[in-house]
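Peer 1: Dropping the structure in here first, questions after.
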Amino acid sequence: MTASQLLASAIALATLIALAAGSVPRLGLNRATMSLVGAGALLALGVISLPEAEKTIDLSTLLLLLSMMIINAVLELAGFFTWAGELIIERANAPTVLLVFVTMTSGVLSALFLNDPVCVMLTPLVCSVVIRLRRDPIPYLIALATAANVGSTATITGNPQNILIGISSGLSYLDFLARLAPVALIGLLIVIAVVWLMYPAEFRGAGRAPETFSSRRVAEMHPPPIAHAPGEARREGMTLGEAAGGVYAPVLRKSVVVIVALLVGFIAGAPVALAAFLAACALLVSRRVKSERILVLVDWPLLLLFCGLFVVTGSLEITGVSQKLFDVTAGLAQSGPAALTVVTALLSNLISNVPAVLVFRPLIPQFPDPTQAWLTLAAASTLAGNLTLIGSVANLIVAEQASKFGIRLTFGEYLRCGVPITVMTLAIAVLWLSFN
């Protein structure tokens, strides 16, 4: 290997190890700054030039990710996630029904929108409901987290790694949905079945039936997503009733119209990044919600993480390391979805799913069936996140949010369901993609 290839490999490896560890001794770096420092090291050592680094950054991916974050932020401010969750979950009249509603609500919303914000909004609602019903919260929280990951498998816009794969592969929204929606649907059924079987006392015990509950009481326990002072509510055109109820009706109505138009655009074959960006722009133009409220909810560190990783992994392609990696792993390309699934799942749990996808990105076009390989990469990198409590950001969000209610979701408790759910859903993905 040349000096440039050795340096690129060493810096990329060091960056990925730091990302996997989550911290660097004696340095206050988060994952976003780790990726940026890695990119800076490549530039400082002359491994790649600034113009080459600029070419590695995929603007379409960043634009789609930013657009979905803005759409999610507006929906959060409008109270959509709380409203949708209450509307569905409050109709549960038995523990098993509640489990089904929690799983399907989390899965479907995560397929339509980014899974992490869905977990942020639904976890407090689920916690407040199960506490009031005196149910064991753990199985419902595990179902919420795992279903968010499984459901997000179905679409390009379900999670950050799918956004990256969707843009890189050139697959349309409908093609992606048609190939992976069945995997997600079967996966959600597996989540329900595994959680139901693992907690017999909760779902088949002699415990009393849940009492009925109202969305008003849930709203009282879970503060509305827009916390305006009365004067501010009037200035922005929101009635005091709307401010107190947790749903900002004018913004919610506009959001629904824009999102329906966006989904129509996706189905019609419009460029995914462009359609999402235009939808985000439409939602930013508002007399009722200040743009600062929206932009503060955007996950800027995640966007910076992507930028840095684009440069770090792009350097491997520029210096020719990626081609050497492909030559070494040529057998993997010929062996079908099973081997790629196993390698992706392991790598996703070692260095996280987004870096894993970026490592594979320059290799996938050289596979005999690139479309199948892209879809396998999407399914495996997402479903692998259910293996452990720290396997995905969605899992950590659920655990952290639950802790605020005094509920402790432990690593071992999660593992009971996480392992069988991951193994079975990955097996379904391999079988489906092998024959479809």
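The values are calculated or read from the model by the stated rules, or taken from the named source; none is laboratory data. Source: prediction; values computed, not measured. Neighbour counts run over all protein chains shown; Cβ positions are idealised from the backbone, glycine included.
Peer 1: Taking Leu358 as the residue in question, decide whether it is at pLDDT 85 or above, under 19 Å from Lys324 (Cβ atoms) and either in contact with a Cys (Cβ under 8 Å, 6 or more places away or on another chain) or buried (at least 22 other Cβ atoms within 10 Å of the Cβ) (or both).
Peer 2: yes
Peer 1: If you go through region 15-36 one residue at a time, do you hit one that is of a type in the set (A, V, I, L, M, F, W, C), closer than 15 Å to Gly308 by Cβ and at pLDDT 90 or above?
Peer 2: Checking region 15-36: at least one residue is of a type in the set (A, V, I, L, M, F, W, C), closer than 15 Å to Gly308 by Cβ and at pLDDT 90 or above.
Peer 1: Has region 327-343 got any residue that is under 26 Å from Gln5 (Cα atoms), of a type in the set (D, E, K, R) and surrounded by fewer than 24 Cβ atoms within 10 Å (Cβ to Cβ)?
Peer 2: Within region 327-343, one or more residues are under 26 Å from Gln5 (Cα atoms), of a type in the set (D, E, K, R) and surrounded by fewer than 24 Cβ atoms within 10 Å (Cβ to Cβ).
Peer 1: Let me ask something else. Output the residue which, of all residues in region 386-398 that are in a helix (DSSP H, G or I) and touching a residue at least 24 places away in the same chain (Cβ under 8 Å), is farthest from Gln161 (Cα to Cα).
Peer 2: Taking region 386-398 first, the residues in a helix (DSSP H, G or I) are 386, 393-398.
Keeping just the survivors that are touching a residue at least 24 places away in the same chain (Cβ under 8 Å) gives 386, 393-395, 397-398.
On the way: Asn386: 15, Val393: 12, Ala394: 13, Asn395: 16, Ile397: 17, Val398: 19 Å.
Among residues in region 386-398 that are in a helix (DSSP H, G or I) and touching a residue at least 24 places away in the same chain (Cβ under 8 Å), the one farthest from Gln161 (Cα to Cα) is Val398.
Peer 1: Of (1) at pLDDT 85 or above; (2) closer than 19 Å to Ser152 by Cβ; (3) crowded, with 18+ Cβ neighbours inside 10 Å, Thr388 satisfies all except one. Which?
Peer 2: (3)
Peer 1: Look through Pro117, Pro124, Pro139 and report the one residue that is touching a His at 6+ places or on another chain (Cβ under 7 Å) and not in a loop (DSSP other than H, G, I, E, B). Please lay out each step first, then the result.
Peer 2: Numbers: Pro117 fails: touching a His at 6+ places or on another chain (Cβ under 7 Å); Pro139 fails: touching a His at 6+ places or on another chain (Cβ under 7 Å).
Unique residue meeting the criteria: Pro124.
Peer 1: Mind checking which pairs have a first residue in region 359-374 that is without any contact (Cβ under 8 Å) to a residue 24 or more places away in the chain and a second that is crowded, with 22+ Cβ neighbours inside 10 Å and assigned to a loop (DSSP other than H, G, I, E, B), Cβ under 8 Å, 6 or more apart or different chains?
Peer 2: Correct list of pairs: empty, since none qualify.
Peer 1: When you check Lys404 against the structure, is it out of contact with any Asp or Glu (no Cβ under 7 Å at 6 or more places or on another chain), among the charged types (D, E, K, R) and under 30 Å from Asp136 (Cα atoms), yes or no?
Peer 2: yes
Peer 1: Filter region 14-28 for residues that are surrounded by fewer than 15 Cβ atoms within 10 Å (Cβ to Cβ) and more than 21 Å from the chain's Cα centre (by Cα); which is nearest to Ser348 (Cα to Cα)?
Peer 2: Ile17
Peer 1: Tell me, which helices (runs of 4 or more DSSP H) lie completely within region 1-93 with 1 or more residues that are touching a helix residue (DSSP H, G or I) at 6+ places or on another chain (Cβ under 6 Å), under 30 Å from Leu284 (Cα atoms) and touching a residue at least 60 places away in the same chain (Cβ under 8 Å)?
Peer 2: Counting at least 1 such residues, we get 31-44, 50-56, 59-78, 80-89.
Peer 1: Still on this structure, I have one more. Regarding Ala275, is this residue crowded, with 21+ Cβ neighbours inside 10 Å, assigned to a helix (DSSP H, G or I) and in contact with a Phe, Trp or Tyr (Cβ under 9 Å, 6 or more places away or on another chain)?
Peer 2: Details: crowded, with 21+ Cβ neighbours inside 10 Å: yes; assigned to a helix (DSSP H, G or I): yes; in contact with a Phe, Trp or Tyr (Cβ under 9 Å, 6 or more places away or on another chain): yes.
So Ala275 passes the test.
Peer 1: Of all the residues that make up region 403-423, how many are assigned to a helix (DSSP H, G or I), surrounded by fewer than 22 Cβ atoms within 10 Å (Cβ to Cβ) and of a type in the set (Gly, Ala, Ser)?
Peer 2: Matching residues across region 403-423 total 2.
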